[in-house]
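Remarks on the structure that follows.
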Amino acid sequence: GAIGSKLIGPRIGRFDSEGNPQPIPGHSSPLAFLGTFILWVGWFGFNSGSALSIIGSGTIAERAAVNTLLSSATGALAALFFKTAK
């Protein structure tokens, strides 16, 4: 990681001619949402599916699914709270 970063260098337009950093504006919000949703669906299937394959009990898989749902909702609410608290 560090060696590759050193070889490639900074992004074009990241620094001005004097070496001062320039802000990089946000990108596509719909694509960010889509990527987050795809990751969430993947984790949802992975957590409950792996619990089901290890234990073989649907009860444990159900708990894993509920925990995944509650943790993602809590993370979203925490992000919303910290964003609006600024």
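Ser57: polar (S, T, N, Q) and modelled with pLDDT of 90 or more, yes or no?
Answer is no for this residue.
Select from segment 55-80 the residues that are surrounded by fewer than 11 Cβ atoms within 10 Å (Cβ to Cβ) and more than 16 Å from Trp43 (Cβ to Cβ) and write down the one among them that is farthest from the chain's Cα centre (by Cα).
Here the answer is Gly56.
Quickly run through segment 9-42 and pick out the residues that are among the aliphatic types (A, V, I, L, M) and either open to solvent by less than 100 Å² (accessible area, probe 1.4 Å) or at pLDDT 90 or above (or both).
To start, the set of residues in segment 9-42 that are among the aliphatic types (A, V, I, L, M) comprises 12, 24, 31-32, 34, 38-39, 41.
Passing the criteria: Ile24, Leu31, Ala32, Leu34, Ile38, Leu39, Val41.
Checking the condition of a type in the set (A, V, I, L, M), within 23 Å of Ala76 (Cα to Cα) and free of Cβ contacts under 8 Å to residues at least 12 places away in the same chain, which residue from Ile12, Ile3, Ile8, Ile38 passes?
Being of a type in the set (A, V, I, L, M), within 23 Å of Ala76 (Cα to Cα) and free of Cβ contacts under 8 Å to residues at least 12 places away in the same chain holds for just one of Ile12, Ile3, Ile8, Ile38, which is Ile38.
The values are calculated or read from the model by the stated rules, or taken from the named source; none is laboratory data. Only a predicted model underlies this, so the values are computations on that prediction, with no experimental measurement involved. Cβ atoms come from the backbone with ideal geometry, glycine included; neighbour counts cover every protein chain shown. Heads up: the accessible areas ignore ligands, DNA and RNA and are worked out on the full protein's heavy atoms, side chains in. Shrake-Rupley method; radii C 1.70, N 1.55, O 1.52, S 1.80 Å.
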